[in-house]
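The values are calculated or read from the model by the stated rules, or taken from the named source; none is laboratory data. Because the structure is predicted, anything quoted here is derived from the model rather than measured. Here the Cβ positions follow ideal geometry from the backbone for every residue, glycine too, while neighbour counts run over all protein chains shown. Calculation scope for accessible area: heavy atoms of the full protein, side chains included, ligands and nucleic acids excluded. Shrake-Rupley method; radii C 1.70, N 1.55, O 1.52, S 1.80 Å.
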Amino acid sequence: MAIRTILHYPDPRLRQKAQPVTNVTPEIQRLIEDMAETMYAAPGVGLAATQIGEPHRIFIVDIAAEDEPSNLMVFINPEILDPSEDLSVYSEGCLSVPEIYADVERPARIRARWQDLDGTVHEEDMEGLMATCLQHEMDHLEGILFIDHLSRLKRQMALKKLDKLRKAA
Ligand code: ZN
């Protein structure tokens, strides 16, 4: 396993559309192990393969609280179905847009379909933080970042802040 470099905005590789996984090869298994190590080291609650420059339709999520045992979920070829009409708002952040947080409005409930490492297809209704997290990670596979969901003014403010933080670093 290895900790991989997380790409930061505005790296153009974050804008790549990820390709479906046809076969969970040993390479793909290794990639997922690397993703897990990279996410936990960051630390973060989600990581898409796109974020380490590997345009495969894979993301991982672990939203367990600090005092709970870790609960790594691997989503291969994920799909989001039946987004609810009612929305919820979470303050989102992203390992690819470090130290920037902003409220993003998304469907409050979704149905997710995905494959696990064994190729088994799962389908589950998700709500709350999990629903938001899945939509955020799903966006990465389409080359979309959470800041793209902000109004122009809010996005400009966020990017200005990011610029300032970079100059201070
Ligand atoms: Zn992200």
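For a straight C-alpha distance cut-off of 13 angstrom, the aspartates and glutamates reachable from Lys164 (same-chain residues fewer than eight places away being disregarded) are Glu99.
Filter the GluC sites (Glu not before Pro) in the stretch 1-97 to those in DSSP coil with at most 14 other Cβ atoms within 10 Å of their Cβ, and list the result. List each step's numbers first, then the result.
On the way: sites: Glu27, Glu33, Glu37, Glu66, Glu79, Glu85, Glu92; in loops: Glu66, Glu85.
Loop-located and lightly packed - Glu66, Glu85.
Return the carbon/sulfur percentage of the accessible area of the stretch 117-169, one whole number, probe 1.4 Å, all protein chains in place.
Details: 1780 of 3270 Å².
That share works out to 55 percent.
Once backbone amide H atoms are built at 1.01 Å from N, Ile100 has Cys94 as its partners under 5 Å, excluding neighbours fewer than 5 places away on the same chain. Computed from label points 7 Å out along Cα-Cβ, the spacing between Ala64 and Asp103 is 3.2 nm.
Accessible surface ranking for Asp62, Asp116, 1.4 angstrom probe, highest first: Asp116, Asp62. Can you give the accessible area of Arg166, probe radius 1.4 Å, in Å² rounded to 10? Surface accessible to solvent at Arg166 totals approximately 100 Å². Highest mobility in the GNM of the chain, judged by mean-square fluctuation with C-alpha springs under 10 Å and restricted to Leu129, Leu153, Leu117, is found for Leu153.
Ignoring aspartates and glutamates fewer than eight residues from Lys17 along the same chain, the ones with Cα atoms less than 16 angstrom from its Cα are Glu54, Glu79, Glu137, Asp139, Glu142, Asp148. Kirkwood hydrodynamic radius computed over the stretch 19-62 comes to 10.5 Å, based on all pairs of distinct alpha carbons.
For the full complex of protein chains and a 1.4 angstrom probe, list Glu137, Glu142, Glu123 by accessible area with the highest value first.
Details: Glu137 10, Glu142 65, Glu123 85 Å².
These residues rank, largest area first, as Glu123, Glu142, Glu137.
Thr22 sits with roughly 140 Å² accessible to a 1.4 Å probe, with DNA, RNA and ligands left out of the calculation. At the residue level, His149 shows approximately 90 square angstrom of accessible surface with a 1.4 angstrom probe and all protein chains present.
Computed on the Cα atoms alone, the convex hull of the stretch 37-116 gives a volume of 118 cubic angstrom per residue.
Compare Asp67, Asp86, Asp11 by solvent-accessible area with a 1.4 Å probe and give them largest first, with all protein chains kept in place.
Details: Asp67 135, Asp86 70, Asp11 35 Å².
My answer, sorted largest first, is Asp67, Asp86, Asp11.
Averaging Cα coordinates gives a centre for the stretch 23-37 and one for the stretch 132-159; these two points are 26 Å apart.
Among rounded, prolate and oblate, which fits the stretch 75-144 when a ≥ b ≥ c are the square roots of the eigenvalues of its C-alpha gyration tensor, a/c under 1.5 means rounded, and a/b larger than b/c means prolate? Working shown, then result.
Working: a/c = 2.45, a/b = 1.35, b/c = 1.82.
Oblate.
Taking 7 Å steps out from each Cα toward its Cβ at Met157 and Gln19 produces label points 4.1 nm apart. Between Pro43, Pro69, Pro55, the residue with the greatest mean-square fluctuation in the GNM of the chain (Cα pairs under 10 Å linked by springs) is Pro69. Taking amide H as placed 1.01 Å from N in the peptide plane, Gly46 has its amide H under 5 Å from the amide H of Asp62, each at least 5 places away in sequence or on another chain.
Once the Kirkwood radius over Cα pairs is known for the chain, the Stokes-Einstein relation at 37 °C and 0.692 mPa s delivers a diffusion coefficient of 200 µm²/s.
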